[in-house]
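Before any comments, here is the structure.
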Amino acid sequence: MSFPHLLEPLDLGFTQLKNRVLMGSMHTGLEEEKGGFEKLAAFYKERAQGGVGLIVTGGIAPNLRGRLAPNACQLSFSWQVSKHKIVTDAVHEAGGKICMQILHAGRYSYHPFSLAPSKIKSPITPFTPSAMSGRQVRSTIKDYATSAALAKKAGYDGVEVMGSEGYLINQFISSRTNKRTDEWGGNFDNRAKFPVKIVEAIREKVGKDFIIVFRLSMLDLVDNGSTWDEVVKLAKWLEQAGVSIINTGIGWHEARVPTIATSVPRGAFAWVTEKLKKEVKVPLIATNRINTPEIGESIIASGQADMVSMARPFLADADFVNKAAANTPELINTCIGCNQACLDHTFSMKRATCLVNPRACYETEINFTPTTHKKRIAVMGAGPAGMAFSMYAASRGHEVVLFEAKSEVGGQFNLARKIPGKEEFNETIRYFINQIKLHNIDLRLNTKLDASVLATEKFDEVVISSGVVPRELKLPGFDNPKVVDYQQVLNGQVEIGQSVALIGAGGIGFDMAHFLCERESTSLQTDKWLAQWGIDKTYQHAGGLTEEAEHHPGRDVYLLQRKTSKMGKGLGKTTGWIHRSVLKQHEVKMKTGVSYEKFDEQGLHIKVGEQAEVLAVDNVVLCAGQESNTALVDEMKATGLPVHLIGGVDVAAELDAKRAIRQGAELAMVI
């Protein structure tokens, strides 16, 4: 066995977990959809079949005011039990165990009836909460216990009490948000009484043979957060109160430090779990940016934690644990931490899914049944769309020939993976390469698909996924060799000087600025990354923050856009602020409302409004979008064969691998 520590059972006394892998809590959006619990059951059942030791659901409110949104799910009444039983029955039928997370949003609620310890508005939500009365505090504690008892009645093996990420319990614990002067505020003992009383009330209601996981904020990453001594003290009180396991919580949602994005190094926060492990006997779970069995094995084998939590990796691959157990980790579809289809969807009130696995949360809708009419299909372009289609079509039994004009597969992912902090994109290419081999797809590199090939070989249908080409700007002086496009830069075809102007401030422009400024990726160097974001491993300050490391810009960079709107407005909902922060660290100069005049020996001539300016730059890099690579499309259609367009060749919007891979999957399902 290659991962003996990861796959070792964990004995909790009254029950045993079959391995050390927890599927962490994720809100999918299915909880609120009509018929969503049937879909949720299929989602969790596949993960249970995939071998995970313990599943934790998305957050379920213990009462009406604790809901995240007006229509969010809660478990407070007996009549709500039956739909939850659909989920627990499915998981148990698959041989798994599942806990329901109880989450009271507090001031993070997106509705006007929110409650919090004190009347202090959150910076990330529109409503100011009401301060809870003493009576409301006590009734909320009872509501947690009632919800846990109903969860037991619904067949859950336990509950996870959400005490981190800045939700209600965290708000009570921290002096940042708790300004009360009664028995629930003031000194730490009073502020911490709320979570302890909740655990005691739950344990009394559910008895001894029921798992209670407590998600403890071990590192708040906000000013006036908990001190390390307070974290330890509360952990010991929770242990005495009867928790079965303590899960690690990292950062409040309002923290201005990335905690789960792809730029965060793998296992970057396991050190804080290890720090607490010396203080308590209850099993501890390490979390955040653990996305491979190798990382999980290392954390447990080194004694940093007893279990590892992985949430998004189980969106990417339901069979993660089984593949690790079979010693085929190369076949795991690895989570790249992009947030584009999971958290970005959740915070936009859409159903969550996964960029690299469009079946996630669509298990009852997207399936690849064996074909009854085998076809020979030519695919042009081995980028994300072409590879996804080829893999899924071949899995159904079609014969697929995948043509790629370049010497390697990957398309735009080969450019993306060169951006500091996007090294995880390598994993998706590795996954697709192994799937191409597994499904015996005929991959032809350095080979263009054209009408002559179709004339000499028999194909039933053609799929074109030839991607995009950079958009050109035809302006005076832009034929100068010092004016280049983003692909030339990332492919190493040109030398770039010390001072650079980037035209276009979409995702490509932000990535290019990062690439030009950060000569050495901190995402591969945990200690440097922690210093970059001001995270203090010695924990000398409350919240675990210290001064950010001094930054030394690698280049003098201007990021320019025609629009007058906020720079980076179209970036990911949950990651855009990170990209803006990184560029600020590197002192990138941002200008909006720019019109471009010409480029000459003086530099780039621009106007901002009516104000003329000359940027004395060595190079101009065009990041002003892209166009569909439609060369040969008409030629292919002229053959008379059915022709399908997917990915960038279909729609050349801001580079969108999420849409490209999903299009490939949906076409493969019906072809």
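The values are calculated or read from the model by the stated rules, or taken from the named source; none is laboratory data. If you're wondering where the values come from, they're calculated on a predicted model, not measured in any experiment. So basically every Cβ, Gly included, is an ideal-geometry build from the backbone, and we count neighbours across all protein chains shown.
Figures for the structure shown
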quantity: Failed criterion for Leu315 (all others in (1) part of a loop (DSSP other than H, G, I, E, B); (2) within 11 Å of the chain's Cα centre (by Cα); (3) of a type in the set (A, V, I, L, M, F, W, C) hold); calculated: (1)
quantity: Condition check for Lys236: assigned by TED's automatic domain parsing to the domain that holds Asp157, touching a residue at least 12 places away in the same chain (Cβ under 8 Å), within 30 Å of the chain's Cα centre (by Cα) and not in a loop (DSSP other than H, G, I, E, B); calculated: no
quantity: Test result for Lys584, assigned to a helix (DSSP H, G or I), free of Cβ contacts under 8 Å to residues at least 12 places away in the same chain and within 28 Å of the chain's Cα centre (by Cα); calculated: yes
quantity: Residue in the stretch 560-581 that is surrounded by the most Cβ atoms within 10 Å (Cβ to Cβ), counting only those that are in contact with a strand residue (DSSP E or B) (Cβ under 7 Å, 6 or more places away or on another chain) and in contact (Cβ under 8 Å) with a residue 40 or more places away in the chain; calculated: Leu560
quantity: Lone qualifier among Leu12, Leu22, Leu68 - being buried (at least 18 other Cβ atoms within 10 Å of the Cβ), of a type in the set (A, V, I, L, M, F, W, C) and touching a residue at least 60 places away in the same chain (Cβ under 8 Å); calculated: Leu22
quantity: Where Ile419 falls short, out of the listed (1) in a helix (DSSP H, G or I); (2) touching a residue at least 60 places away in the same chain (Cβ under 8 Å); (3) closer than 29 Å to Val489 by Cβ; calculated: (1)
quantity: Residue among Glu183, Glu200, Glu204, Glu165 that alone is in contact (Cβ under 8 Å) with a residue 60 or more places away in the chain and among the acidic types (Asp, Glu); calculated: Glu165
quantity: Residue within the stretch 594-611 that is part of a loop (DSSP other than H, G, I, E, B) and in contact with a Pro (Cβ under 9 Å, 6 or more places away or on another chain) present; calculated: no
quantity: Qualifying residue in the stretch 635-652 (condition: small (Gly, Ala, Ser), free of Cβ contacts under 8 Å to residues at least 60 places away in the same chain and out of contact with any Lys or Arg (no Cβ under 8 Å at 6 or more places or on another chain)); calculated: yes
quantity: Test: residue in the stretch 304-312 that is within 22 Å of Glu423 (Cβ to Cβ), part of a loop (DSSP other than H, G, I, E, B), at pLDDT 95 or above and under 14 Å from the mean Cα position of the chain (by Cα); calculated: yes
quantity: Single match in Glu495, Glu520, Glu472 (criterion: within 11 Å of Ile419 (Cα to Cα) and in a loop (DSSP other than H, G, I, E, B)); calculated: Glu520
quantity: Count of residues meeting criterion [modelled with pLDDT under 95 and in contact with a helix residue (DSSP H, G or I) (Cβ under 6 Å, 6 or more places away or on another chain)] in the stretch 491-515; calculated: 1
quantity: Conditions (1) loosely packed, with under 14 Cβ neighbours inside 10 Å; (2) assigned to a strand (DSSP E or B); number of the one not met by Val557; calculated: (1)
quantity: Those residues of the stretch 460-471 which are among the hydrophobic types (A, V, I, L, M, F, W, C) and surrounded by fewer than 19 Cβ atoms within 10 Å (Cβ to Cβ), in sequence order; calculated: Val469
quantity: Hits in the stretch 318-349 (condition: crowded, with 21+ Cβ neighbours inside 10 Å, hydrophobic (A, V, I, L, M, F, W, C) and in a loop (DSSP other than H, G, I, E, B)); calculated: Ala318, Ile332, Cys335, Ile336, Cys338, Ala341, Cys342
quantity: Subset tally (residues that are under 20 Å from Gly497 (Cβ atoms) and in contact with a strand residue (DSSP E or B) (Cβ under 8 Å, 6 or more places away or on another chain)) for the stretch 471-487; calculated: 11
quantity: Selection count, the stretch 265-303, where residues are within 21 Å of Gly421 (Cα to Cα) and among the hydroxyl-bearing types (Ser, Thr, Tyr); calculated: 2
quantity: Scope the stretch 45-79; condition closer than 30 Å to Glu8 by Cβ and either outside the structural domain of Lys153 (by TED's automatic domain parsing) or of a type in the set (S, T, N, Q) (or both); matching residues; calculated: Gln49, Thr57
quantity: Of all residues in the stretch 236-285 being within 18 Å of Ala192 (Cβ to Cβ) and acidic (Asp, Glu), the one that is surrounded by the most Cβ atoms within 10 Å (Cβ to Cβ); calculated: Glu239
quantity: For Val213: the one exception among (1) more than 31 Å from the chain's Cα centre (by Cα); (2) buried (at least 24 other Cβ atoms within 10 Å of the Cβ); calculated: (1)
quantity: Qualifying residue in the stretch 537-552 (condition: at pLDDT below 95, farther than 18 Å from Val257 by Cβ and not β-branched (Val, Ile, Thr)); calculated: yes
quantity: Residues that are among the polar types (S, T, N, Q) and either out of contact with any helix residue (DSSP H, G or I) (no Cβ under 8 Å at 6 or more places or on another chain) or at pLDDT below 95 (or both), drawn from the stretch 173-217; calculated: Thr181, Asn187, Asn190
quantity: Residues that are among the aliphatic types (A, V, I, L, M), assigned to a loop (DSSP other than H, G, I, E, B) and farther than 23 Å from Asn357 by Cβ, drawn from the stretch 628-671; calculated: Ala631, Leu632, Ala638, Leu641, Ala652
quantity: Within the stretch 119-139, tally of residues that are crowded, with 19+ Cβ neighbours inside 10 Å and either in contact with a Ser or Thr (Cβ under 6 Å, 6 or more places away or on another chain) or in a loop (DSSP other than H, G, I, E, B) (or both); calculated: 4
quantity: Qualifying residue in the stretch 605-618 (condition: within 27 Å of Gln412 (Cα to Cα) and either touching a Cys at 6+ places or on another chain (Cβ under 7 Å) or modelled with pLDDT under 95 (or both)); calculated: no
quantity: Candidates Glu46, Glu31, Glu93 - the one that is of a type in the set (Asp, Glu), under 23 Å from the mean Cα position of the chain (by Cα) and over 28 Å from Val199 (Cβ atoms); calculated: Glu46
quantity: Selection count, the stretch 416-446, where residues are over 23 Å from Leu667 (Cα atoms), surrounded by 15 or more Cβ atoms within 10 Å (Cβ to Cβ) and not aromatic (Phe, Trp, Tyr); calculated: 11
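Residue-by-condition table, conditions (1) outside the structural domain of Gly492 (by TED's automatic domain parsing); (2) in contact with a helix residue (DSSP H, G or I) (Cβ under 8 Å, 6 or more places away or on another chain):
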residue: Gly543; (1), (2): yes, no
residue: Met567; (1), (2): no, yes
residue: Leu571; (1), (2): no, yes
residue: Lys584; (1), (2): no, no
residue: Phe599; (1), (2): no, no
residue: Leu604; (1), (2): no, no
residue: Asn619; (1), (2): no, no
